[in-house]
1. Give, as a single signed number, the net charge of other residues whose beta carbon lies under 14 Å from the beta carbon of His626, with Lys and Arg counted +1 and Asp and Glu -1.
2. Convert 10 °C to kelvin, take the viscosity as 1.306 mPa s, use the Kirkwood radius over C-alpha pairs of the chain as Rh, and evaluate the Stokes-Einstein diffusion coefficient in µm²/s, rounded to a whole number.
3. Starting from the Kirkwood radius over alpha-carbon pairs of region 466-513, derive D by Stokes-Einstein at 4 °C in a medium of 1.567 mPa s and give it in µm² s⁻¹.
4. Within the chain, what whole-number % of the accessible surface is contributed by carbon and sulfur, with the 1.4 Å probe and all protein chains included in the calculation?
5. Considering Cα pairs under 8 angstrom that are at least six residues apart, work out the relative contact order of region 505-556 and quote it in whole percent.
6. Considering only the other residues whose Cβ falls under 14 Å of the Cβ of Val592, what net charge follows from Lys and Arg at +1 and Asp and Glu at -1?
7. Just in region 88-124: which chymotrypsin sites (Phe, Trp or Tyr not before Pro) are loop by DSSP and have at most 16 other Cβ atoms within 10 Å?
8. Where only protein heavy atoms count, and the probe is 1.4 Å, what is the accessible area per residue for the chain in Å²?
Amino acid sequence: MTAHTLQEPGHARVIPLTAAQRSIWFAQQLTPDVPYVIAQYVELRGPVDLDLLAEASEQARRELGGGFIRLVDVDGQPHQVLGATAAKPVPVVDFRGDSVEAAGAWMRDESAASIDMYGESLTVSHILHLADEHCYWYSRAHHIALDGYAAMMSMRRAAELYVAAIDGIEAPQRQVIDPERIQLEDAEYRSSARFGRDRDYWQHQVQNLPPVVGLAPRLTAPPGATVRVVGDAVPLEPSPHAHGRGHNPTALIVAAFAAYLARMAGVDDVVLSLPVSARTSARLRDAGGSVSNVLPLRLEGIGATTVGDAIRVARAALTAALRHQRYRREDIGREIGSEGTGLAHFGPVLNLMLFKQEITLGAVTGRVRVLTTGPTADLAVNIYPGLSDSVPRVDFEGNPALYDAAELAGHHRRFTTFLAAFAAAIDTELPVADLDLFAAGEREQFTPAIGLTGSDPITLDRLLTANVESSPEAIAVRDRGRAVTYAELDHRANQIARALIGQGIGPEDLVAVAAARSYESVLALWSVAKTGAAYVPIDPTHPVDRIAYTLGDCGAAVGLTLSTELEHLPDHVRWLILDDDSAWGDSPGLGVTDEHRVRSLRVEHPAYVIYTSGSTGRPKGVVVTHQGLANLAQEIRDHYAVSAPSRVLHFASPSFDTALVEVLAAAIAGATLVVTPPEVYGGQELAALLRAERITHLLSTPS
């Protein structure tokens with residue numbers, strides 16, 4: 001994009017950009033071919049004086065001030081020159097010889113065309129004459145000149161001027177705050193106590209912010225010049241529950257979409273991007289330039305609560321966000337480390353189009369249709385309230401790089417179905433997780449899956465020790481030159497298990513194991529399994545806060561670890577040291593059965609608990625019972641081709657469920673499990689290990 005230097009430094013009306021304008025300017029520099037614009041039109045059917053409407057449109061833009069700014073560089077920094085562009089007539093384009101579709105294509109092409117921010121076309125209006133008493137009234141504005149709020153102000157002011165001219169009266173005066181006053185308001189706010197309170201609020205909000213989730217497999221893609229839109233022809237019936245019982249329809253929609261997103265992404269906590277006007281005073285509400293802002297709307301637990309509670313969560317989040325809406329998106333971006341990457345992306349955008357959509361020109365009334373709200377990295381959901389605050393229309397604007405037409409239409413169809421079910425349940429305690437995600441007719445497209453006949457259930461301890469009696473001298477584990485037979489492993493595990501049982505540990509208890517991948521980590525798994533308790537692996541290399549959270553969440557009172565790890569672990573768990581022989585006494589290492597356990601072990605009891613990587617920002621424990629382990633073992637036998645001479649690489653972190661599959665694959669075949677040293681991740685070191693240890697089986701992700 002070409003930059004220019006002001007030739008007349010003494011120009012009286014050259015002022016800096018506001019904070020809102022600076023963020024847009026920077027984003028536009030990063031993607032010069034993608035226009036940051038809002039474009040809309042009104043379809044008018046009836047007797048309209050097109051020349052008079054063109055004149056009223058031009059006058060309204062002139063009154064707003066922001067419609068006539070031009071950018072210049074002063075000492076290498078972008079500034080705005082107020083009133084620097086001459087008023088130009090709004091053209092009436094004759095489409096009477098073309099189709100309505102051609103006029104629609106013209107508007108889409110015009111709104112997608114790249115814009116020189118230093119040129120004189122930051123805002124434009126056109127009237128497309130389609131037929132007698134039929135036209136499109138089109139407007140487009142770069143976000144650096146006008147935001148969506150101001151663009152609607154301009155259109156409404158033009159309608160007011162038109163009606164006054166038709167009636168032969170003087171139009172009412174409107175005080176419009178020009179860009180210079182907006183810039184001063186911005187400076188005053190940033191030096192105020194309110195700015196400090198807002199900053200403190202958002203700093204707290206973005207601490208441990210849940211990761212961004214979306215409806216597409218990829219979270220974001222570079223935005224293009226166009227967006228894909230579906231939904232304007234799919235009206236929603238007003239909810240009979242939205243009125244009279246204290247239910248805010250806006251909070252209902254926000255809660256419903258957040259719940260839908262949580263269900264589709266498989267998370268409990270979501271964050272949405274919430275555009276706001278940032279006009280928190282009467283003076284700013286008269287501002288005609290670019291003031292609006294985008295905030296992260298944090299909705300914790302929205303996927304794991306009831307419909308009624310989800311609405312309460314959304315209402316509280318909206319109220320708090322709007323109370324602090326002037327604190328800039330780019331300032332929040334600095335808090336989360338997105339500075340220098342463009343506009344911060346918090347998640348799918350939820351546009352609450354809470355303006356009256358009807359534009360009246362005397363006897364003719366038209367409805368505002370938004371063509372684009374600007375580029376999107378993922379998805380924008382536009383909510384249009386109708387009469388009596390109902391919600392008759394929901395549009396999805398998707399990034400074409402992420403959604404094809406069928407995918408976007410499918411999500412829109414599913415969400416509107418979900419929304420109807422959500423609204424019908426707002427006075428119930430129905431969990432969000434129980435709402436159907438299928439749209440009408442979709443469920444019938446799926447054929448129920450019928451799996452293979454299940455194996456008879458068997459507990460984890462029996463699976464691990466299946467080959468101890470038949471092959472006691474076979475090598476069970478190799479770890480950095482050390483070789484341990486099945487008999488030796490079983491004997492040591494019995495000693496540790498009996499010591500744990502002596503401390504009251506048994507079925508339905510949880511035992512934490514904080515040990516890096518090693519013979520000792522395998523020994524710990526065998527030992528805990530023999531007690532009947534559930535094995536909870538903890539990666540000791542994880543951050544201390546994550547370890548503490550995981551231990552607190554699972555409630556394990558006892559843990560197994562190595563002496564080298566002890567000083568890094570929380571002390572509210574009673575840690576027993578695996579590599580301290582004196583800790584286990586001189587037990588003969590006899591086998592452990594229900595006769596020795598604290599209580600009988602059943603297949604319904606937990607076998608292990610794996611904590612996920614925390615897609616919502618916090619680790620989550622997944623409890624696996626013994627019930628399905630026999631089926632897992634049979635799958636390994638049928639497809640892995642592991643036999644006694646095999647050598648299975650123990651490559652996964654012990655905190656991943658794949659690590660247990662590796663241990664199980666070797667144990668059920670009487671094969672050797674070869675431990676990868678914790679410092680080996682791949683490359684030549686891994687290749688050398690595979691050769692030296694003659695590995696026959698490796699489980700790994702493609703990367």
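1. Combined, the nearby Lys, Arg, Asp and Glu give -1.
2. Numbers: Rh = 29.7 Å.
Calculated translational D: 53 µm²/s.
3. 105 µm²/s
4. 51 percent
5. 46 percent
6. +2
7. Passing sites in region 88-124 are Tyr118.
8. Roughly 44 Å² per residue, with all protein chains present.
The values are calculated or read from the model by the stated rules, or taken from the named source; none is laboratory data. Please read these numbers as outputs of a predicted model, since none were measured by experiment. Cβ coordinates were reconstructed from backbone atoms using ideal geometry, including for glycine residues, and neighbour counts include every protein chain displayed. Just so you know, the surface numbers come from the protein's heavy atoms only, side chains and all, with ligands and any DNA or RNA stripped out. Shrake-Rupley method; radii C 1.70, N 1.55, O 1.52, S 1.80 Å.
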